[in-house]
1. For the range 68-119, calculate the relative contact order in percent as a whole number, restricting contacts to Cα pairs under 8 Å that are 6 or more residues apart.
2. Spin-label point model (7 Å from Cα, Cβ direction): what's the Gln63 to Glu100 distance in nm?
3. Once you put a point 7 Å from the Cα of Thr110 and another 7 Å from the Cα of Thr38, both along the Cβ direction, what distance in nm separates them?
4. Please give me the summed charge of the neighbours of Val47: other residues whose Cβ is under 13 Å from its Cβ, Lys and Arg +1, Asp and Glu -1.
5. On the first, second and third principal axes, largest extent first, how far apart are the outermost C-alpha atoms of the range 45-115 in Å?
6. So if I take the centroid of the Cα atoms in the range 87-133 and the same for the range 33-47, what is the distance between those two points in Å?
Amino acid sequence: MHFKLSALTSVLALFAVASTASPLEARKALDVWNPRITSPNADTVWVVGTKVNVTWDTSDAPQRISSGSAVMLRNSTGPTPADLYLKKVNTFDLRDGTVEVTVPDVPPGTDYVVVLFGDSGNWSPEFEIAAAY
Ligand SMILES: *[C@@H]1O[C@H](CO)[C@@H](O)[C@H](O)[C@H]1NC(C)=O
Ligand SMILES: *[C@@H]1O[C@H](CO)[C@@H](O)[C@H](O)[C@H]1NC(C)=O
């Protein structure tokens, strides 16, 4: 009885391995990676004109990443003033987990977010940008 049960478990385990290794699943993993932004976060205050790092979690990064990378600054509740790429498309590697940017000269506000592309845009929490001292 015990033998039969463990044999069945092994078969199920093999099946699970086989199905996660299928090309379709590998493709899906490649396409849906959506790195979680760790900075800026809700406690962050950026100052106009200073250098800051945008960072994200790479612990679940797939081996191959299909799409380009970019970081944009957005107003989460309204239109964003100007075309605010903090880092233009394909100028850094998503697997690095960090990219240094200069805070652009935008109006002070507490409703900014950064969007990290990726496969789809991943939004940070809202954070503050303060005027230069
Ligand atoms: C950003 O991160 C890099 C690498 O960790 C570090 O060398 C650099 O000093 C950081 N820049 C800022 C503004 O914190
Ligand atoms: C963001 O948009 C909202 C709604 O239009 C506006 O009230 C707010 O002032 C904007 N913030 C900045 C920093 O532009």
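None of the figures in this text is laboratory data; all of them are computed from the coordinates on show. Note that the coordinates shown come from a computational prediction; the quantities given were computed from them, not determined experimentally. Positions of Cβ are backbone-derived with ideal geometry, glycine not excepted, and every protein chain shown enters the neighbour counts.
1. Taking the mean separation of contacting Cα pairs over the length of the range 68-119, I get 54 percent.
2. 3.2 nm
3. If labels sit at Thr110 and Thr38, their model points lie 2.7 nm apart.
4. -1
5. That gives 39, 22, 19 Å along the principal axes, largest extent first.
6. Here the answer is 8 Å between Cα centres.
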